[in-house]
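Have a look at the structure below before the remarks.
The values are calculated or read from the model by the stated rules, or taken from the named source; none is laboratory data. These figures come from a predicted structure and were not determined experimentally. In this analysis, Cβ positions are derived from the backbone assuming ideal geometry, glycine residues included, and neighbour counts consider all displayed protein chains.
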């Protein structure tokens, strides 16, 4: 079976939302993907504001969290 998705985030990735900076830094705590063609791929992100939010994790989807403003933190200064 051919995959019809391309994943953006993985468990343990540290992220921020470009438009909702008040949420603080987030950590991906769960990643799920459907085995069915056309199925949904999502991630759960636990943010510093105490809320867990769910986002689409398929880069081939226009609703992917990347296009919604979720950005991976690669700069070590944010990881203190």
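Can you name every residue in the stretch 3-46 that is at pLDDT below 90 and over 16 Å from residue 59 (Cβ atoms)?
Matches in the stretch 3-46: 35, 36, 37.
If we keep just the residues of the stretch 40-67 that are free of Cβ contacts under 8 Å to residues at least 24 places away in the same chain and loosely packed, with under 15 Cβ neighbours inside 10 Å, which is farthest from residue 17 (Cα to Cα)?
Result: 40.
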